[in-house]
Amino acid sequence: MSPIEKYINDAEQEQQPMLKEIYQLIKEMVPAETTEKISYGMPTFYLRENLVHFGAMKKHLGFYPTPSAMAAFEDQLKDYKTSKGALQIPYKQDLPTDLITEMVRFRLKEVVEKNA
């Protein structure tokens, strides 16, 4: 079991479906050499640097694609509660898979270009 799978299994029952969904979504997108770990107490995908994090908060899923991705997608984030580096997705909403997919692709491109 990966550290992220353990984190999801240890989360509250009502949080697990969205955690599993975002985990599978990201896992299918990242290159094989991406590492899964827990960093800052949250599931993290690592590719030469921290790529994205996500975590179970009391009332929402936190998605942390870094401040650069948050700035790049500012217009698409107007309907969500956000901070400089985080997107809050209430558990009662559907996971915005298209938006998360675009943000992960943005981060992959950013990391690859930075480390080229």
Out of M103, M57, M42, a Gaussian network model of the chain with alpha-carbon springs under 10 Å gives the largest mean-square fluctuation to M57
Taking 0.36 nm per residue of sequence separation and subtracting the Cα-Cα distance, how much length would be gained by fully extending the chain between A71 and K114, in nm to one decimal?
13.7 nm
Given a 1.4 Å probe and heavy atoms of the protein chains only, how would you sort I4, I38, largest accessible area at the top?
I38, I4
Once you charge only the Cβ atoms, +1 for Lys and Arg and -1 for Asp and Glu, what is the size of the charge dipole of the chain about its Cα centre, to the nearest 20 debye?
280 debye
Computed accessible area, E14, all protein chains, 1.4 angstrom probe, square angstrom:
130 Å²
Of the listed links K27/K81; K6/K27; K27/K114; K58/K81; K20/K78, those spanning more than 23 angstrom between alpha carbons are K27/K81; K20/K78
Just in the range 29-116: which chymotrypsin sites (Phe, Trp or Tyr not before Pro) are loop by DSSP and have at most 10 other Cβ atoms within 10 Å?
Y40
If DNA, RNA and ligands are ignored and the probe is 1.4 Å, what is the ranking of T82, T44, T66 by accessible area, most exposed first?
T82, T66, T44
TM-like helix rule applied to the chain (DSSP H, alpha carbon span at least 18 Å on the long axis, mean Kyte-Doolittle at least 0.0) gives none
Give me the Kirkwood hydrodynamic radius of the range 3-85 in Å, from all C-alpha pairs, to one decimal place?
13.4 Å
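The values are calculated or read from the model by the stated rules, or taken from the named source; none is laboratory data. Note that the coordinates shown come from a computational prediction; the quantities given were computed from them, not determined experimentally. Positions of Cβ are backbone-derived with ideal geometry, glycine not excepted, and every protein chain shown enters the neighbour counts. Please note that ligands, DNA and RNA were not included when accessible areas were found on the heavy atoms of the full protein model with its side chains. Shrake-Rupley method; radii C 1.70, N 1.55, O 1.52, S 1.80 Å.
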